[in-house]
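Novice: Here it is: the structure, laid out below.
The values are calculated or read from the model by the stated rules, or taken from the named source; none is laboratory data. Keep in mind it's a predicted model, so treat the numbers as computed, not measured. Neighbour counts run over all protein chains shown; Cβ positions are idealised from the backbone, glycine included.
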Amino acid sequence: MTETRVRRGRAAARSSRTNPSRAALAQTDGLQIRSARRADLDPIITIDASVTGLEKRKYWLSVFRRYGQGERSGQQFLVALQQGQVVGFVIGEVRDWEFGSPPCGWVFAIDVAPQARLAGVGTALLQAISAGFRRAGVRKLRTLLARDNTLILSFFRSQGLMAGALMSLEIDLDD
Ligand SMILES: CC(C)(COP(=O)(O)OP(=O)(O)OC[C@H]1O[C@@H](n2cnc3c(N)ncnc32)[C@H](O)[C@@H]1OP(=O)(O)O)[C@@H](O)C(=O)NCCC(=O)NCCS
């Protein structure tokens, strides 16, 4: 994807949320969103480990191989940088006709480093991946989240996401 610079701050995030074209116009200092590079993996692994408590290097290498090769086939792996340091990332892709639904953009993961939170970074990442989905031609974004993760639920609700038409079902598979 093309690199974008996004105005810092919640007010900026809020105004561009209500008027997406302002995000594209925002060219001030502070936050930069671009496609992930191989060299970004160490800070990404650190941020993920700070959220999940697990360091999953092999997993992140395979995610990068699959999603980190630029914006192709609707796949996106984006990072947010402040002063050149990776402070967050988002991963998603367009899935066609899965679960019986017309093509839509799925967000699989979004994480912001604890010290960089509540400053609009998550909002800017979601806006950037949404813009990529629009460029890929889809008009709906979906995600799944753990029912007890109130933080991520508050975040997605703040971005306008609501309970959708799909529901998740699961079962434990015995040996
Ligand atoms: C959720 C997360 C991505 C938000 O990132 P962020 O950069 O702090 O988000 P923003 O600053 O853009 O916040 C946007 C809005 O989200 C909501 N929000 C964010 N953090 C919140 C918190 N701790 N409590 C309540 N609401 C919150 C608010 O409505 C906020 O808007 P406001 O600041 O105007 O009130 C970040 O907290 C994170 O990485 N958490 C861990 C994520 C996780 O569990 N990932 C694993 C599953 S994918």
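Novice: Whether any residue in region 79-100 is surrounded by fewer than 20 Cβ atoms within 10 Å (Cβ to Cβ), part of a loop (DSSP other than H, G, I, E, B) and touching a residue at least 60 places away in the same chain (Cβ under 8 Å) is what I want to check.
Specialist: No, the conditions are met nowhere in region 79-100.
Novice: Name every residue in region 24-45 that is modelled with pLDDT of 95 or more, under 21 Å from GLN127 (Cβ atoms) and β-branched (Val, Ile, Thr), in order of residue number.
Specialist: ILE33, ILE44
Novice: Additional query: Would you call TRP97 closer than 24 Å to LEU166 by Cβ, away from the ligand (no atom under 16 Å from the Cβ) and of a type outside the set (D, E, K, R)?
Specialist: Spelling it out, TRP97 is indeed closer than 24 Å to LEU166 by Cβ, away from the ligand (no atom under 16 Å from the Cβ) and of a type outside the set (D, E, K, R).
Novice: Kindly indicate which of ALA131, ALA119, ALA124 is part of a helix (DSSP H, G or I) and more than 22 Å from TRP60 (Cβ to Cβ).
Specialist: Just one listed residue meets the conditions, ALA131.
Novice: Given the criteria more than 13 Å from the ligand (Cβ to nearest atom) and either out of contact with any helix residue (DSSP H, G or I) (no Cβ under 7 Å at 6 or more places or on another chain) or closer than 21 Å to ALA49 by Cβ (or both), does ARG117 qualify?
Specialist: no
Novice: Could I ask something else about it? Just to be sure I understand the filter: pairs with C-beta atoms under 8 Å, separated by 6 or more residues or on different chains, first member in region 142-163 and near the ligand (Cβ under 7 Å from one of its atoms), second member assigned to a helix (DSSP H, G or I) and small (Gly, Ala, Ser). Which pairs pass?
Specialist: PHE155/GLY122
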